[in-house]
Amino acid sequence: MQFGDKDIMTDLLMGTKYISGSYHKAVLESANDRIRNTLIQLNNDEINLQKQIFNLMHDRNWYEVRPANTAGWQARPGMGAMGMQQQMPY
């Protein structure tokens, strides 16, 4: 089976997203500051790579970005940025 450029780029993009997520989890679970900082740098590098891949795909119309539908979005009292109930510390 032959893979085209779009297939290869899509695979690369998906891979960088997965790797970045894994680095993120490792950062959250690391207790050693030196290791944590190294993981943060690796994750930042992966994020930059992902952005480059995305830009290439977007420039070639291989990755469509649809505008967000903001209809019906209203701020409600007690709701946070992610739409979750804010919990008070008491």
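Results for (1) at pLDDT below 95; (2) within 17 Å of the chain's Cα centre (by Cα), shown as yes or no for each residue.
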site: MET9; (1), (2): no, yes
site: TYR18; (1), (2): no, yes
site: ILE35; (1), (2): no, no
site: ILE40; (1), (2): no, yes
site: LEU49; (1), (2): no, yes
site: TYR63; (1), (2): yes, yes
site: ALA68; (1), (2): yes, yes
site: GLN86; (1), (2): yes, no
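Restricting attention to segment 27-76, the residues being of a type in the set (Lys, Arg) and either over 21 Å from MET9 (Cα atoms) or in a helix (DSSP H, G or I) (or both) number 4. Of the residues making up segment 1-20, just one is part of a helix (DSSP H, G or I), free of Cβ contacts under 8 Å to residues at least 24 places away in the same chain and small (Gly, Ala, Ser), namely GLY15. In segment 34-63, the residues that are over 12 Å from LYS6 (Cβ atoms) form Cβ pairs under 7 Å with partners that are aliphatic (A, V, I, L, M) and at pLDDT 95 or above, at six or more places apart or across chains, as follows: ARG36/VAL27; LEU39/ALA26; LEU39/VAL27; ILE40/VAL27; ASN43/VAL27; GLU46/ILE19; GLN50/LEU13; PHE54/LEU13.
The values are calculated or read from the model by the stated rules, or taken from the named source; none is laboratory data. Bear in mind the structure is a predicted one, so any value in this text is a computation, not a measurement. Backbone-built Cβ (ideal geometry, glycine too); neighbour counts: all protein chains shown.
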